Amino acid sequence: MEGLREAIEQAVRMHLPGHTVQTIEDRGEWVRHIVQVTLNTNEIVFFKIELPHEEPGWTHGKEGESHERDVAQILEKHGLHVIPPILAVDHSCEIIPYPYIIQAYLGGIRLGNLLDQVSDSEIKNIYETLGTFYRSLHAIHSDRVGLWVGSTPDKPWGDPTAYMYQA
């Protein structure tokens, strides 16, 4: 994307006042175009930029960004603080020519790497914690759970497995 650095610098000024861009690293594409941005405070944020896709049923525009924000809010409402905070949602296409979200980076160690570094009893605790999380996640009942923005219980967005396969 031509002019991406300038656009991200402008978006940071607009959405994260008092911050400036120190470095930008293009992390490639998976579902969205991901750009890692290190701010002048050494905080890291990710820009998740929605790009057009040809696949049928692919979510375009503000629905994808709004859906991710809505999922984070549902999880927070039910005490599941697992998604890094979404700092901004912008689907105006005025700064970057595509809708995007800015999400905080919380850091940590990837689970696959962590399991190589801990004892068997710690692995058991990790899996129990994951089980507790998923039990809590699947215990959420709502007429919106499992539905994409713009879909309704009588007309759901589609099969999540098909979505992930396309992604």
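The values are calculated or read from the model by the stated rules, or taken from the named source; none is laboratory data. The model shown is predicted, which means the values in this text are computed figures rather than measured ones. As a convention, Cβ positions derive from the backbone with ideal geometry for all residues, glycine included, and neighbour counts pool all protein chains shown. The protein model used for the area step is the full one, side chains on, heavy atoms only, and it has no ligands, DNA or RNA in it. Shrake-Rupley method; radii C 1.70, N 1.55, O 1.52, S 1.80 Å.
Residues that are among the acidic types (Asp, Glu), over 18 Å from the mean Cα position of the chain (by Cα) and at pLDDT below 90 within region 1-41 comprise just one, Glu2. When region 42-59 is filtered for residues that are under 21 Å from Leu4 (Cβ atoms) and either at pLDDT 75 or above or surrounded by 13 or more Cβ atoms within 10 Å (Cβ to Cβ) (or both), the ones remaining, listed by number, are Glu43, Ile44, Val45, Phe46, Phe47, Lys48, Ile49, Glu50, Leu51, His53. When region 1-33 is limited to residues that are of a type in the set (D, E, K, R), under 19 Å from Pro99 (Cβ atoms) and not in a helix (DSSP H, G or I), the one that is most open to solvent (accessible area, probe 1.4 Å) turns out to be Glu2. Of the candidates Asp143, Asp154, the single residue that is open to solvent by 80 Å² or more (accessible area, probe 1.4 Å), modelled with pLDDT under 85 and touching a Pro at 6+ places or on another chain (Cβ under 9 Å) is Asp143. The residues of region 91-122 include none that are over 14 Å from Phe47 (Cβ atoms), hydroxyl-bearing (Ser, Thr, Tyr), open to solvent by 70 Å² or more (accessible area, probe 1.4 Å) and assigned to a loop (DSSP other than H, G, I, E, B).
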